[in-house]
Amino acid sequence: MFQVPVPQDPYPAYARLRREAPVWWCEEQSAWLVSRYDDVRSVLLDAQSYSNKPHQGLYGPYNEPDAGSFFLKDKPDHTVWRRIFTGGGSYSAAAMKPILGVMEKTCSERMAELPESEINAVYDLGVPLAAEFLGHFFDLPADESPWVAAIPIFYYPGAENLTPELLTYFEGLVRKRREAPGNDPLSKAVLANDSKSPLLTDQQMAWNFHDLVFAGAGSLYVAIAESVAALAEHPEAQDPRYWESPDLAARSTEEVYRWLSHSHWLFRTATVDVELGGQRIRAGDGVFPLIASANRDEAVWGNGEKLDLGREANVPNLAFGYGPHISVGTSLGRAFLATMLPILIRDRAPFRLSGAPERVLANGVSTPRTLPIAPVHGS
């Protein structure tokens, strides 16, 4: 009946799924595709019925016995491990306020360095901004390989070949932060873990450093580049009135995140038999909550296909996930775009797409390769 949605424009397929088969068994993925907002949110919220552990080799090296990422754990391990890496409040909304100045400086300086002609929003904005800011945030050199070099290809097929080198790098970083800790989130995690006897090995700490840094860098650079492309496709969204105060910028940023949906789906495994959307899901079945589809569900958003910066949302968008596994970087991602986009509008608008974007869709993540943007002269 259906094919798996294609990377360039999966949204018509998502809309058809919502209309005709909101919970649909996909033979190609050996999993149920869940496409409506309420069903997606219920799956993400119910961590007891839907496990977050790796399934059927989907995550490549994450299926190794020593892979120790809290991202792919269930309770109680998920709660305990996540607290080691977030218990210091480094990723909270309150923690973003003191570093807004760093965000503003990073974005303003980068905008000033851009040529007046066409740019690629991926490599001229997304990757360098993510590397520079997260280099500051994690106290990592922003020009050091291998972590910076891996950012733009981290979600590409075959990127798992980089994992051994990156783990070696991060295991060395664990030892360095133990010997000379700073005030960064990675140092706080090492100290928190060591205070527990320690609970995790250095290799497990390295896995979590790997995931924290690259989940942050990969998601942030894509959000930056895709948000620029979204505004380029929608000239009305470049109206400064949507960005002229922190409150308006925050609201507009939420709508941009809802519309662009960098993560198209997550993966869960049913732990018990459960009924969802009129379908009987068996224990052991794979389940794909389609975040990008849920964020355009007409039953929730009205005309969800439209980017509307004046939209008054009554429910949370699911761009960062939902429930106990909501992204650690939720507050960081929101704060960065709400800081960067007003500066972009101030310094670069009006601008338009100057060519066809190219994207790769792998493991549920839409990753841009090229997003050409050019100024509109004479406006």
Kindly establish whether residue 219 is buried (at least 20 other Cβ atoms within 10 Å of the Cβ) and in contact with a Lys or Arg (Cβ under 7 Å, 6 or more places away or on another chain). no
Condition check for residue 174: under 21 Å from residue 84 (Cα atoms), open to solvent by less than 40 Å² (accessible area, probe 1.4 Å), without any contact (Cβ under 8 Å) to a residue 24 or more places away in the chain and not small (Gly, Ala, Ser): no
Looking only at segment 349-364, which residues are part of a loop (DSSP other than H, G, I, E, B), over 22 Å from residue 108 (Cβ atoms) and over 21 Å from the mean Cα position of the chain (by Cα)? 354, 355, 356
Looking at segment 104-153, which of its residues are over 24 Å from residue 376 (Cα atoms), open to solvent by less than 40 Å² (accessible area, probe 1.4 Å) and touching a Leu at 6+ places or on another chain (Cβ under 8 Å)? 106, 130, 133, 134, 137, 138, 140, 146, 147, 150
It is to be established whether one or more residues within segment 214-221 are farther than 30 Å from residue 352 by Cβ and not acidic (Asp, Glu). yes
Given the conditions (1) touching a helix residue (DSSP H, G or I) at 6+ places or on another chain (Cβ under 8 Å); (2) among the small types (Gly, Ala, Ser); (3) within 30 Å of residue 352 (Cβ to Cβ), report the number of the one that residue 117 does not fulfil. (1)
Failed condition for residue 367, given (1) of a type outside the set (A, V, I, L, M); (2) assigned to a helix (DSSP H, G or I); (3) open to solvent by less than 10 Å² (accessible area, probe 1.4 Å): (2)
Exactly one of (1) in contact with a Pro (Cβ under 9 Å, 6 or more places away or on another chain); (2) over 30 Å from residue 180 (Cα atoms) is unmet by residue 114. Its number? (1)
Would you check if residue 373 is more than 22 Å from residue 151 (Cα to Cα) and among the β-branched types (Val, Ile, Thr)? no
Give me the residue from segment 295-348 that is of a type in the set (Val, Ile, Thr) and in a loop (DSSP other than H, G, I, E, B) and, out of that set, farthest from residue 125 (Cα to Cα). 315
Answer yes or no: is there a residue in segment 305-324 that is in contact with a strand residue (DSSP E or B) (Cβ under 6 Å, 6 or more places away or on another chain), crowded, with 18+ Cβ neighbours inside 10 Å and not β-branched (Val, Ile, Thr). no
Does at least one position in segment 244-259 carry a residue that is in contact with a Lys or Arg (Cβ under 9 Å, 6 or more places away or on another chain), exposed (fewer than 13 other Cβ atoms within 10 Å of the Cβ) and modelled with pLDDT of 95 or more? no
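The values are calculated or read from the model by the stated rules, or taken from the named source; none is laboratory data. Fair warning: this is a prediction, and the values are worked out from it, not measured in the lab. Cβ atoms come from the backbone with ideal geometry, glycine included; neighbour counts cover every protein chain shown. Accessible surface is based on the protein model in full, side chains and every heavy atom, while ligands, DNA and RNA are left aside. Shrake-Rupley method; radii C 1.70, N 1.55, O 1.52, S 1.80 Å.
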